[in-house]
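The values are calculated or read from the model by the stated rules, or taken from the named source; none is laboratory data. Computed from a prediction, not measured in an experiment: that's the story for all the values here. Note: ideal-geometry Cβ built from the backbone for every residue, glycine included; neighbour counts use all protein chains shown. We work out accessible area using only protein heavy atoms, side chains counted, and drop any ligands, DNA or RNA first. Shrake-Rupley method; radii C 1.70, N 1.55, O 1.52, S 1.80 Å.
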Amino acid sequence: MKECYSCCSSMGSSCSSFMLLLVILPLIFISAGFVSVLGPNNSTWFSISHSPWVRTTSTGIYSSSNSTTASSIAEESHDHGLNKKMIGHHYQHPYDHREKAVSSQEALSSFNHSSPSVLAKETIPIHKPLDDELKQEGLLKSFNNLSDHVVIKCKKKVLNTKLQHLELGLAKARASIREASKYRNNQIPDPNLIPVGPMYWNSHAFHRSYLEMEKQFKVFIYEEGDPPLFHSGPCKSIYSMEGNFIHQMEMQGRFRTRDPDKAHIYFLPFSITMMVRFVYVPNSHDITPIKKSVVDYVNVIGSRYPFWNRSLGADHFMLSCHDWGPMTSKYVPHMFNNSIRALCNANTSEGFRPSKDVSIPEINLRTGETKGWLGGPSPSHRPVLAFFAGGLHGPVRPILLEHWFNKDDEIKVYKYLPKHLSYQDMMKKSKFCICPSGYEVASPRIVEAFYTGCVPVLINDYYALPFGDVLNWRSFSVVVPVNEIPNLKKILTNISQRRYIKMQQRGLKVRRHFEVNSPPERYDVFHMILHSIWLRRLNVQIADR
């Protein structure tokens, strides 16, 4: 320090300028850093990270490990190339059969807003440091850093907007979930359910996430549009989850908010099933009326509210169980690329991305309720090895009937169930219930198997299973690739009685996550769908800047 002082003395007045420059330069660099992070105040941006438990494979089924920590999930995800490549507006899912997995060492491309829709009034700059973290340091660390980054940024900037308060709350939720995933001895008491066992990838993370959802998650439902196309849906058909969810969501007092500024996410309450019924002309093959209804609706939302344009739909979600749901979402590019699509037809080969979209179970409620379905005999009172009865449609079922129709007394496979047999009773008498895809990947037989205490046998290529970011499906179901259908009996008979009993008991435990209740009950199918949407919202950071 003395040398510095003597040097300044010899320099005279020029030293004062030199010392002033030494003080100013660091301030300039610090200011530039804050500008790069916070950006100008007149635009909005969002970035996408990925929660520690979003795990996918080529068939949408998850690995057979029992209890997995968040860190091991992240490591395994990194090893298997789960880093997402940014293409267009979205992360491209690496396991789509038309796409290639991206190495963690490859550079992530920036967003390219080609041919924006009329709703897009501005582009969305991506926060580059988060992209680099996602690329270089794995999913878990990017999840951690996203949480830390939000908290630090908000500490440095006055919280003068409601959006910033919402994002700060989400950051705290992420930190709490991350903490719960690491430390397993601080389980919070819960009067309804303490999720434990190999049915869950990380039961502690799931439980804490669910509690955080209950504590703060708020959904705004746009009130535009009249029934039956909007705010309505079927409740007594194979598409019944559309109507049930819309109805229960609009009746909600806990999760629904009528103040859009307090919402974490925005629901577009249109029903594709009702549009097919009332707008589409049967056998016309002209879907223009449906397309026009959806596009016009989103245009109205975009013109009346600032929220769609603010994020280009990234904090919005739609829900559909109709086969045309995924196709309809493509009519609004930002809905397909950015929004959360809650779909029964969760087909990864058709653009479904488990990191962004939500797979919901297909439940065929013929009477509008589950009465008579729940329950069944113990494993020792199930004389039938495997059972299936259903229409001969789609590419998988013909193969199943070719190899097993009237071929074996232990595997009961029917095209049409004989009139003296009851479908429901046959499921309750069977150890395994075969659940093949039809024209679409989803099958209501999966949920019906849970209801009747039958272990589901999944034959569904490219199917992202419902709640697969929480549930370890291989612990309570059997996965059979289509090309292994000829070996079906060998596969099932090789499962020991002890293992079968464990799988059956686990299926009974996870059944509550697929039950339909009115009003909804904690951890049931309504809340599990909402929780899956909550997880995807945690992966999106939106901020004014």
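The table for this structure:
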| read-out | value |
| --- | --- |
| Solvent accessible area, Å² - residue 455, 1.4 Å probe, full protein context | 0 Å² |
| Value of relative contact order over segment 399-536, rounded to a whole percent, pairs C-alpha under 8 Å and six or more apart | 19 percent |
| Above-threshold pairs, the threshold being 21 Å between Cα atoms, out of 428/502; 182/502; 218/291; 182/356; 218/330; 429/509 | 182/502; 218/291; 182/356; 218/330 |
| List 259, 469, ordered by accessible area with a 1.4 Å probe, largest first | 259, 469 |
| Qualifying trypsin sites (Lys or Arg not before Pro) for segment 249-335 [loop in DSSP, other Cβ within 10 Å: at most 13] | 254, 258 |
| Sum of side-chain charges, residue 331 neighbourhood, beta-carbon under 12 Å (Lys, Arg +1; Asp, Glu -1) | +2 |
| Around residue 314: net Lys/Arg minus Asp/Glu count, Cβ-Cβ under 11 Å | +3 |
| Chymotrypsin sites (Phe, Trp or Tyr not before Pro) lying in DSSP loop within segment 175-255, provided at most 15 other Cβ fall within 10 Å | 183 |
| Cα centroid separation, segment 464-488 to segment 180-232 (Å) | 24 Å |
| In sequence order, calculated HN-Hα J values of segment 384-399 (Karplus, 6.51, -1.76, 1.60; Hz; x Gly/Pro) | 8, 5, 8, 9, 8, 8, x, x, 8, 9, x, x, 8, 4, x, 5 |
| For peptides 279-288, 470-479, sequence by mean Cβ density within 10 Å, most packed first | 470-479, 279-288 |
| Charge sum, other residues only, whose C-beta stays under 13 Å from residue 484's C-beta, Lys/Arg counted +1 and Asp/Glu -1 | +1 |
| Surface per residue (accessible, 1.4 Å probe) for segment 284-408, Å² | 36 Å² |
| Of 433, 456, 421, farthest towards positive along the dipole that unit charges on Lys, Arg, Asp, Glu beta carbons give segment 395-490 | 421 |
| Dipole in debye (nearest 20) - segment 286-373, about Cα centre, beta carbon charges: Lys, Arg +1; Asp, Glu -1 | 200 debye |
| Whole-Hz ³J(HN,Hα) from phi, Karplus 6.51 cos²θ - 1.76 cosθ + 1.60, for segment 211-227, glycine and proline x | 5, 5, 4, 4, 6, 9, 5, 10, 10, 9, 10, 5, 8, 5, x, 10, x |
